[in-house]
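The block underneath contains the structure these notes are about, expressed in structure tokens.
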Amino acid sequence: HPHSALALEQARDNPDPRLANLPRPRVACLIGGPSGQFTFGTDDIARTCKAIDDLLTQSASLMVSPSRRTPQAVTEKIKALAATAPERSFVWDGSGDNPYRPMLALADAFLVTADSTNMIGEALATGKPVYMLQLQGKAGKFATFHDQLRQRGLTRDWNGQMENWPCEPVDATAEISAEIVKRYSAFRAERGQ
């Protein structure tokens with residue numbers, strides 16, 4: 001992903017005005033949607049809205065970024081919840097500049113639906129607590145990914161209560177890029193290129 005420590009620092013130094021005045025703690029809520037593995041059905045929608053309501057009840061500010069896969073009905077329900085605390089809420093409606101990187105930079109914690117390894121990985125790169133919101137479906141390889149993150153203490157499942165735990169940024173982008181270059185170079189060398 002392109003959200004390096006430097007890119008996040010620059011976003012913090014020049015904060016998005018739509019987010020900068022939200023009181024702390026700020027929680028970036030990265031909401032996905034149905035996919036080949038996850039249905040994002042009625043129970044998932046209710047669980048997502050309950051988590052949003054839990055955060056508002058605990059006086060967190062919300063920075064919500066629905067994805068292209070987020071059902072419109074879910075976004076509308078989240079907007080209605082956010083409207084109960086407009087001074088502590090921002091729900092991106094797709095207009096204006098995409099606030100995704102500023103959300104990553106300004107968040108004190110994350111609530112991420114479990115359907116996207118990308119969103120989870122990007123949140124982990126910030127070094128802030130990451131709560132996963134589990135979804136119904138056939139998690140398959142996602143289950144292994146989620147289990148390993150939990151076992152390493154990098155994420156926690158959302159249980160209704162905000163907590164704070166020590167986190168270090170986890171960003172394997174440079175390592176993965178270096179491995180790709182190494183393997184591609186070896187491939188070319190084998191073919192005499």
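Against the empirical curve 2.2 N^0.38 Å, the C-alpha radius of gyration of segment 38-130 lands at a ratio of 1.03.
When 187, 40, 145 are compared by accessible area of protein heavy atoms, the largest-first order is 187, 145, 40, using a 1.4 Å probe. Heavy-atom accessible area with a 1.4 Å probe sorts 138, 77, largest first, into 138, 77. Helix 173-190 and the long axis of the chain differ in direction by around 30°, with both axes built from C-alpha atoms.
What accessible area per residue comes out for segment 9-69, rounded to a whole number of Å², with a 1.4 Å probe? Walk me through the numbers on the way to the answer.
Working: 2900 Å² over 61 residues.
Value for segment 9-69: 48 Å² per residue.
Shown in residue order for segment 17-31 are the 3J(HN,Hα) couplings computed by the Karplus curve 6.51 cos²θ - 1.76 cosθ + 1.60 at θ = phi - 60°: x, 6, 10, 4, 8, 5, x, 8, x, 9, 10, 7, 9, 9, 10 Hz (x for Gly and Pro).
Applying Stokes-Einstein at 4 °C and 1.567 mPa s to the Kirkwood radius of the chain, computed over alpha-carbon pairs, gives a translational diffusion coefficient of 74 µm² s⁻¹. Give me Rg over Rh for segment 98-139, both radii from the alpha carbons and Rh done the Kirkwood way, two decimal places. Rg divided by Rh gives 0.99.
Once the Cα atoms are used to define both axes, helix 42-57 deviates from the longest principal axis of the chain by about 70 degrees.
Please work out how much length the chain gains when fully extended from residue 167 to residue 72, using 0.36 nm per residue of separation minus the C-alpha to C-alpha distance, in nm with one decimal.
Answer, rounded to one decimal: 30.9 nm.
Rolling a 1.4 Å probe across all protein chains gives residue 184 an accessible area of roughly 120 Å². For segment 1-76, the convex hull spanned by the alpha carbon atoms encloses 122 Å³ per residue.
Mean residue ellipticity at 222 nm from the helices of the chain, using -39,500 (n - 2.57) per DSSP H segment of n ≥ 4 over the full residue count, to the nearest 500 deg cm²/dmol?
-13000 deg cm²/dmol
The magnitude of the dipole of segment 1-111, with charges of +1 and -1 set on the Cβ of Lys/Arg and Asp/Glu and taken from the Cα centre, is near 80 debye.
Solvent-accessible surface (1.4 Å probe) assigned to residue 177 amounts to roughly 60 Å².
The values are calculated or read from the model by the stated rules, or taken from the named source; none is laboratory data. Owing to the predicted nature of the structure, the values given are computational and were not obtained by experimental measurement. Methodologically, a virtual Cβ is constructed for each residue, glycine included, from the backbone with ideal geometry; neighbour enumeration extends over all protein chains shown. For the accessible areas, the whole protein counts, side chains as well, though only heavy atoms, and no ligand, DNA or RNA atoms are used. Shrake-Rupley method; radii C 1.70, N 1.55, O 1.52, S 1.80 Å.
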